[in-house]
1. May I ask you to evaluate 6.51 cos²θ - 1.76 cosθ + 1.60, the Karplus curve with θ = phi - 60°, for each residue of segment 89-96 and list the ³J(HN,Hα) values in order in whole Hz, giving x for glycine and proline?
2. Compute the normalised compactness of the chain: alpha-carbon radius of gyration over 2.2 N^0.38 Å, N being the residue count.
3. Taking springs between alpha-carbon atoms closer than 10 angstrom, which of Val157, Val270, Val211 fluctuates most in the Gaussian network model of the chain?
4. Okay, helix-only estimate at 222 nm for the chain: each DSSP H run of n ≥ 4 adds -39500 (n - 2.57), divide by all residues, round to 500 deg cm²/dmol; what do you get?
5. Taking 0.36 nm per residue of sequence separation and subtracting the Cα-Cα distance, how much length would be gained by fully extending the chain between Lys128 and Lys207, in nm to one decimal?
6. Given H placed on each backbone N at 1.01 Å, which residues far from Leu236 in sequence or on other chains put an amide H within less than 5 Å of it?
7. In whole Hz and in residue order, list the ³J(HN,Hα) couplings for segment 272-286 that follow from phi through the Karplus curve 6.51 cos²θ - 1.76 cosθ + 1.60, θ = phi - 60°; x for Gly and Pro.
8. Arranged by the count of other C-beta atoms within 10 angstrom, fewest first, what order do Lys367, Lys207, Lys343, Lys213 take?
Amino acid sequence: MKNILVFISAIVLLCSCQSKPAAVSNGSPADFKIFKGTNIAHWLSQSEKRGTERDSFFQEKDVRMIKELGFDHLRLPIDEEQMWEADGKRHDDAFKLMTNCLDWCAKHQLKVIVDMHILRSHYFNAIKKPLFNEPKEQEKFYRLWTDLSSVLKKYPVSDVAYELMNEPVAGDPEKWNSLSSNAIKTIRALEPERMIVLGSNLWQSTKTFDVLKVPDDKYLILSFHFYEPFFLTHHLASWTNLKDYTGPVHYPGELISKTEFDSLAPNQQVIAKEFVGKVWNMNELEDYMKLPIQKGKELGLQVYCGEYGVIDNAPVEDKIRWYNDMISIFNKHNIASANWNYKSGSFELVSAKGVENEAMIKAVMGK
């Protein structure tokens, strides 16, 4: 009888142990450490792809490739119109793609920054931006983050961060300071320790960090974007006034010399005149970043270049030299970064068909 009782007790103990779920740690915000990442552009943001075409554009094999290339995180832009109806109802298919991506990244040990890229009330190149002038749009912005948090809060704070909004463009910097402060308060009421990425005003410019008011919050990352000099990084970009420029561009040194400028046709000179004789090199790039570097040191916060890159149309050797200088600056000042972008578009590391641009990858990885 004694042996039977011991056996039964052992069975009960085993079953009780098996019935209790293993404790799941939410990690620590201190463990959200990033340094080298890439943007997943033209998937859940700035894209007309839907259905099978959107599903197949970015998959787990891409996450695996990003990890194998040596990146430690990805920045995931999402647009309001892809994720929600105008009335705030979720597009479940888009939310599923987003959470699939986060699950794949967890599996392959990549951190993720979920970036609210474009709102119906705010697009960085739009002339009118109701977000900064209409209280109802501001309240909607806070509701979107409340809803997004309700889905994403299950992911550990050590693995996933939130970027409030991509490239705010407020005529009055105080309007962005107020909006971002209130958005952070909204998220903090729900997730006190989630890492939040705060960008500077006017397209996340380095030059506006002196007017950026940063809340007293140790779980923030300060973000800027970098596409200087524009004459190089957007050479022949179809959406800019450089689209018709057929003359030379150089890096480092003079972007275009006076002699070269004088030899251009009059219509070409109109396009190039603001860049003639301007000298760019690593020292000039570094000087452009001095305000965010300084603010990061003063506040003890990570500084993050969430976008940087040179368009495919630029001269290859000049482009690679620019990337080499950028990586050197990032390394010197411990600036985390994510190149624009991983796949497709005009700045990609990998073509839409999965063909790797080896020279670009080597430059971005600092090899």
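Taken together, the values in this text are just the output of simple stated rules run on the coordinates, not laboratory data. No experiment lies behind these values; they were computed from the predicted model shown. Glycine also receives a Cβ, built like all others from the backbone with ideal geometry; neighbour counts cover every protein chain displayed.
1. Result, ordered by residue: 6, 5, 8, 4, 5, 5, 4, 5 Hz.
2. Cα Rg divided by the expected 2.2 N^0.38 Å: 1.13.
3. Looking only at Val157, Val270, Val211, the largest GNM fluctuation is found for Val270.
4. Details: 15 runs with 153 residues, N = 367.
So the calculated ellipticity at 222 nm is -12500 deg cm²/dmol.
5. 26.2 nm
6. Tyr245
7. 8, 4, 6, 10, 5, x, 7, 9, 10, 7, 4, 4, 5, 4, 4
8. Details: Lys367 8, Lys207 16, Lys343 22, Lys213 12.
The order, fewest Cβ neighbours first, is Lys367, Lys213, Lys207, Lys343.
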